[in-house]
Amino acid sequence: MDDAYIDPLLRAFVLTLNREAWQVDLTLLVGGTWVAGTMIPPRMFMQEVADFAAGQGADAFRDLFQDMGRTFFPSESEVEAGAAQDPAPDEAPRHLHLRNARTLFPGGPIPADGCYLRLRLWDVSGWVLGSPQLSGVDPPSPPG
């Protein structure tokens, strides 16, 4: 898909969030369905998925996600130590990463306890800062 389909405001917001290591609740319109969750930086996403895999006894997947995090989203200290290459400074994000992602339906969110979601920016046709209050549903705390 051509980057021309990506909302430039959303891309700038994701780029800033990734650089500053912020977390923010976000609700997205994707293919006619609303998806809510907490947008987190990609390195944090990779580490949390690695921790989730470790909790499930999937050490190979833990190692895979930790390696992908270091390779594609290195920290400044890893770059300075020569353990990773610095990503291109003008690299525009093409994905966003959600923790506790849920699709919103009249009967309640699916899955009720949320999941991790990596989403292409060009699939987002609308977005709202914040997350709707879901009656009777408390999103889970992040792992760790």
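Brief remarks on what is shown
- Scanning region 92-109 for residues that are more than 17 Å from the chain's Cα centre (by Cα) and over 15 Å from T38 (Cβ atoms) yields F105, P106, G107, G108.
- Checking A50 against (1) under 21 Å from E20 (Cβ atoms); (2) crowded, with 16+ Cβ neighbours inside 10 Å, the condition it does not meet: (1)
- Residues considered: P89, P74. Of these, the only one that is crowded, with 16+ Cβ neighbours inside 10 Å, under 28 Å from D3 (Cβ atoms) and at pLDDT below 85 is P74.
- Filtered residues of region 77-86 (kept if among the small types (G, A, S) and at pLDDT 60 or above): S77, A81, G82
- The helices (runs of 4 or more DSSP H) found entirely in region 1-114 that carry 2 or more residues being touching a strand residue (DSSP E or B) at 6+ places or on another chain (Cβ under 9 Å) and of a type in the set (A, V, I, L, M) are 8-20, 42-55.
- Contact annotation: residue pairs with Cβ atoms under 8 Å, 6 or more positions apart or on different chains, pairing a residue in region 1-28 that is farther than 16 Å from R118 by Cα with a partner that is of a type in the set (A, V, I, L, M), are D3/A92; D7/L121; D7/V124; A21/M44.
- Qualifying position, being surrounded by 11 or more Cβ atoms within 10 Å (Cβ to Cβ) and at pLDDT below 95, among R118, R43: R43
The values are calculated or read from the model by the stated rules, or taken from the named source; none is laboratory data. The shown structure was predicted, so the numbers you read here are calculated from the model rather than taken from an experiment. Positions of Cβ are generated from backbone atoms using ideal geometry, with glycine treated the same way; all protein chains shown enter the neighbour counts.
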